[in-house]
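For reference, the structure discussed in these notes is given below.
The values are calculated or read from the model by the stated rules, or taken from the named source; none is laboratory data. Since the model is a prediction, treat every value here as computed from it, not as a measurement. Don't worry about glycine lacking a Cβ; one is built from the backbone with ideal geometry, like all the others, and counts go over all protein chains shown. Note: areas computed on protein heavy atoms with side chains; ligands, DNA, RNA excluded. Shrake-Rupley method; radii C 1.70, N 1.55, O 1.52, S 1.80 Å.
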Amino acid sequence: MAILPMLRLSLVGHKDEEEDVLALLQDLGVLEVEKINLEADSSIEWLPAKISDINRELSRLKLNITFLRDYIKTNSSIIDLFVPQKLPFSEEERRRIVREFEENGGYSTIESWQSSLEEIKNSVNSLSQDKELLTPFEDLNFPIRDLKAFKYVDVFFGQIRKRDLEEFVEEIRNHLADISIVKETPQYTFFIVIAHKESSGEIRGVFSKYNVNIFNLEKFSGTPKEELSAIDNRINNLLRMKDRVLEEIGQKGEGLLNALYILYDNYQNDLIRYEHLSRATHTENMFLITGWIREKDSPVIKDTLERRFKDLYIVMSPPGPDDNPPVALENNSFVHPFEVVTGIYGYPNSREFDPTPFLAPFFAVFFALCLTDAAYGIILAILSAYLYRNLIIERQRKKLLQLLFICGLFTIGVGAITGGWFGNVSEAFRFLAFLEPLRKRLILFDPLKDPITFLALSLALGFIQIIFGLFIKMILNIKRQHYREAIFDQLFWILFLLAIVITAGTLALESLRYLNKPAMYFTLIMAVALVATQGRHQKSIFLKITSGLGSLYSVISYLSDVLSYSRLLALGLATGVIATVVNELVKTFSGIPVLGAIIGIVIFVGGHLFNLIINAFGAFVHSSRLQFVEFFGKFFEGGGREFNPLRKIRTYTIEKEVIE
């Protein structure tokens, strides 16, 4: 349970082997490549073009994936909206699927479908527009071709706002023209104007004046009904063609989509590898790759590289005093999920302790105190376990589910000793009254009836965690041989704070009254010790004393930190109160025959589900906040960065071997 020791790995070899070396390192996933700038470095001329080609191929794949996903039905669930799952393939399956895709012309098939559907779509849109042009004139019983044969007149098909019709007709008839009304709607009138060619220009001016919409029907020849019938037939033919294409997509698309997923992930990892290639240092014939590995991986790395590359020069060395290696955490199965909490705040630096083992038990207990309902804990644990077993995602991304499972188990215990089972469900409903004696036997205290005990427990846990934080800092200073800081800044404060609490206890409890004077004397001694040591960095005696006296004001800060843990009481009470209110609402509707039972079930399920979700979220946030502000503030330095080795990262697929 610690921050793993890191080693610097440097590899020197011939340029011809560089890509193969990087490929092997990516497969191993053990080296974080570091960029080093040397004067002798010569760039790889072909690398920018290679990266550009890969990006172009990724864009092509993304477009094809988007196209197929729009037409292929998948058995996705609501969970996929929040956590997209990945498709499991073995390495052998990947190679076979990609080979079949390339042999069967996968790209040309998909792009042929795209082209066909786009062409059909454009044709249907064009025909639909033609249909809109002809529909107002469908009652005309003469062919449109006959209107093109007139030598001395022009024929216009148009549409005008109905309110302008009367003036428009009068003005048209003042010229060498006539108008015939074809169809009327509540807002518009459709018409035909026949005008002598000599007055066509004037007629067009009238059209412009009244904002007339003129329809161009020159491409049609038959009667409007004949043309509309032909358009409908062509649209139906196109739609049947579309159905055939979609049917073919339904038959072949899923296999092609899987191939696209695999290809995308392959190219994505090629891109990652070539981008890391730019971090290496090159001469005319040689390359240098350097970076960080975990010390425990060094034997495997050395053995694998030496067996594969006979002429590769390998150097491993511990970090120097000016180095800033990345941080890799390793913890047991209980603590490991709580790395999620540490990661949210930030990683420790490589020269301090991993805070995860220290925060893990506190976080789980605080989370449980915020929920204080055993039934909610059971639901949370079962749901987390189910999702952990059934979600097809990387193991690292399942840490949150493991964390919630552990917190669910703690919540079951805390809920049992505080009497929370869907609030007061056995007390509220008569048919569950037989469970009430068992519930009462398990109760240590009821937060709703005895909030003072809950508050005292919350503050006591807070005080313990703060003292523990100071103790961790003291051990860290001892490890660094900063003995004065360990004694004066941590040990003295630990003893002083404990003395204050013990003194307060002797005043509050009659059974401890005999310890009052020794406790007060010890408190006074520790106060004097703090005054004498906290100003030690000042130069003059006066400043040393005043700084020492001023340091005692930090007691207020520690008191404020302890009081901050009262949020555990507030959240625990909120969960219980809301659960009780939900049960009372159910009882209110239970008296209504038939319908009351249905409404009651809906309120019970919906109300308790809402209470679980909102308070589990609050429990996570506030338990984290207590770690980050009150606990970490006592010892945590931070500033580290997570170990991020060159490895294969997949967007759509996952190796079958890593599924748990």
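List of remarks:
- Residue-level analysis places residue 452 outside the set of residues that are surrounded by fewer than 21 Cβ atoms within 10 Å (Cβ to Cβ) and either under 35 Å from the mean Cα position of the chain (by Cα) or touching a residue at least 24 places away in the same chain (Cβ under 8 Å) (or both).
- Filtering region 193-231 to residues that are of a type in the set (Lys, Arg) and not in a helix (DSSP H, G or I) leaves only 219.
- Any hit, region 410-422, residues being more than 27 Å from residue 441 (Cα to Cα) and of a type in the set (A, V, I, L, M): no
- Subset of region 18-35 [in contact with a Phe, Trp or Tyr (Cβ under 9 Å, 6 or more places away or on another chain) and part of a helix (DSSP H, G or I)]: 18, 19, 20, 21, 22, 24
- Per the conditions (1) open to solvent by 40 Å² or more (accessible area, probe 1.4 Å); (2) in a helix (DSSP H, G or I); (3) touching a strand residue (DSSP E or B) at 6+ places or on another chain (Cβ under 8 Å), the sole criterion not satisfied by residue 415 is (1).
- Where a residue in region 10-23 is farther than 13 Å from residue 313 by Cβ and its partner, wherever it lies, is assigned to a strand (DSSP E or B) and open to solvent by 50 Å² or more (accessible area, probe 1.4 Å), with Cβ under 8 Å and at least six apart: 15/286
- Cβ-Cβ distances below 8 Å connect no pair with a first residue in region 499-527 that is surrounded by 12 or more Cβ atoms within 10 Å (Cβ to Cβ), a second residue that is of a type in the set (Asp, Glu), and a separation of six or more residues or different chains.
- Close pairs from region 373-398: first in contact (Cβ under 8 Å) with a residue 40 or more places away in the chain and over 27 Å from residue 649 (Cβ atoms), partner polar (S, T, N, Q) and crowded, with 19+ Cβ neighbours inside 10 Å, Cβ under 8 Å, at least 6 apart: 373/411; 373/575; 374/411; 376/411; 376/575; 376/611; 376/615; 380/411
- The set of residues in region 215-237 being surrounded by fewer than 14 Cβ atoms within 10 Å (Cβ to Cβ) and under 24 Å from residue 164 (Cα atoms) consists of 216 alone.
- Considering residues of region 565-577 that are in contact with a helix residue (DSSP H, G or I) (Cβ under 7 Å, 6 or more places away or on another chain) and buried (at least 19 other Cβ atoms within 10 Å of the Cβ) only, the residue farthest from residue 608 (Cα to Cα): 565
- Under the condition of being hydrophobic (A, V, I, L, M, F, W, C) and either assigned to a helix (DSSP H, G or I) or touching a Gly at 6+ places or on another chain (Cβ under 7 Å) (or both), the residues counted in region 2-17 number 1.
- Condition broken by residue 345, with the remaining ones in (1) farther than 29 Å from residue 414 by Cβ; (2) open to solvent by 40 Å² or more (accessible area, probe 1.4 Å); (3) modelled with pLDDT of 90 or more satisfied: (1)
- Listed by first and then second residue, the pairs with beta-carbon distance under 9 Å, at least 6 apart or on different chains, first residue in region 532-556 and touching a residue at least 24 places away in the same chain (Cβ under 8 Å), second open to solvent by 70 Å² or more (accessible area, probe 1.4 Å), are 533/484; 533/487; 534/549; 536/484.
- Of all residues in region 214-270, those satisfying the criterion of being among the aliphatic types (A, V, I, L, M) and more than 41 Å from the chain's Cα centre (by Cα) are 214, 217, 228, 230, 231, 235, 238.
- Count of residues meeting criterion [of a type in the set (S, T, N, Q) and either outside any helix (DSSP H, G or I) or under 30 Å from residue 133 (Cα atoms) (or both)] in region 232-273: 3
- Qualifying position, being under 30 Å from residue 267 (Cβ atoms), among the aliphatic types (A, V, I, L, M) and either without any contact (Cβ under 8 Å) to a residue 24 or more places away in the chain or out of contact with any Lys or Arg (no Cβ under 6 Å at 6 or more places or on another chain) (or both), among 649, 592, 654, 614: 649
- Filtered residue count, region 502-532, keeping only those that are part of a helix (DSSP H, G or I), more than 27 Å from residue 544 (Cα to Cα) and of a type outside the set (Phe, Trp, Tyr): 15
- Residues in region 179-230 that are free of Cβ contacts under 8 Å to residues at least 12 places away in the same chain and of a type in the set (Gly, Ala, Ser): 5 in all.
- The set of residues in region 428-487 that are closer than 23 Å to residue 562 by Cβ, in a loop (DSSP other than H, G, I, E, B) and hydrophobic (A, V, I, L, M, F, W, C) comprises 444, 445.
Residues are listed down the side, and each one gets a yes or a no for (1) of a type in the set (Asp, Glu); (2) within 25 Å of residue 626 (Cα to Cα); (3) touching a Gly at 6+ places or on another chain (Cβ under 6 Å):
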position	(1), (2), (3)
487	no, no, no
493	no, yes, no
525	no, no, no
529	no, no, no
541	no, no, no
544	no, no, yes
553	no, yes, no
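- Residue within region 231-253 that is closer than 27 Å to residue 156 by Cα, free of Cβ contacts under 8 Å to residues at least 12 places away in the same chain and of a type in the set (A, V, I, L, M, F, W, C) present: no
- Selection within region 269-321: residues that are out of contact with any helix residue (DSSP H, G or I) (no Cβ under 6 Å at 6 or more places or on another chain) and among the acidic types (Asp, Glu). The member of this set that is nearest to residue 3 (Cα to Cα) is 295.
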